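Structure first, commentary second.
The values are calculated or read from the model by the stated rules, or taken from the named source; none is laboratory data. Only a predicted model underlies this, so the values are computations on that prediction, with no experimental measurement involved. No Cβ is skipped: glycine too gets one built from the backbone with ideal geometry, and neighbour counts run over all protein chains shown. To get the accessible areas, we keep the full protein, side chains included, count just its heavy atoms, and leave off ligands, DNA and RNA. Shrake-Rupley method; radii C 1.70, N 1.55, O 1.52, S 1.80 Å.
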Amino acid sequence: MKNLINLIIILSLSAQACHAQEKIKTVEEYKILFDSIALLVKPIREDSSSYVGISFSKFEKLLDKRGLKIMQVSIGDYDYQKVNPQYVYALILWLTTLEMSNFAEANDLRQPFIVIHFAESKSYEKTLSLMREYKGLYSEEIAAFYADAVIKSLDFSIPVKIYFRR
């Protein structure tokens, strides 16, 4: 019974967050969306050490099960000291749509994201190519390329009730 109640709560929050991303027009509405996402991420954050050593594809499925969708992705860490970088060590998973990211940027608001550091690197060239092809939006091709990548650590940028970046 408790699991059923938790599932209903997760589905409700997920539906609210997805629906809200389509039509947010004010900072107050954004704060409600941010809080909804933060509540969905909270159990993952509290248990983050248990995800170390699992594959990216398993983590993505876990996010989906919790009602969270990866909407955008960017390179989090790479061998930037080189003229021609070759390796990506981390990805940033953005949990809001491009429209919401633009709204947040325009209003100097924080955006919810998760940084995943990998145990082994992936090709910078291939990752960059996928990022450019999909303009930073998360896609099946990006998911497939990183599916076997093993998680080394997780960082969360989802503070509780701290919306403004100033």
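Scan the stretch 30-73 for residues that are in contact with a Ser or Thr (Cβ under 7 Å, 6 or more places away or on another chain) and open to solvent by 50 Å² or more (accessible area, probe 1.4 Å) and report the count. Qualifying residue count, the stretch 30-73: 2. Can you pull out every residue in the stretch 118-135 that is in contact with a Lys or Arg (Cβ under 9 Å, 6 or more places away or on another chain) and surrounded by fewer than 16 Cβ atoms within 10 Å (Cβ to Cβ)? 119, 120, listed by residue number. Within the stretch 74-106, the residues that satisfy the criterion of being within 15 Å of residue 33 (Cβ to Cβ), open to solvent by 30 Å² or more (accessible area, probe 1.4 Å) and touching a Phe, Trp or Tyr at 6+ places or on another chain (Cβ under 7 Å) are 94, 103. Taking the stretch 136-166 as the range and being at pLDDT below 95, open to solvent by 40 Å² or more (accessible area, probe 1.4 Å) and more than 13 Å from the chain's Cα centre (by Cα) as the test, the residues that pass are 160, 161, 162, 164, 165, 166.
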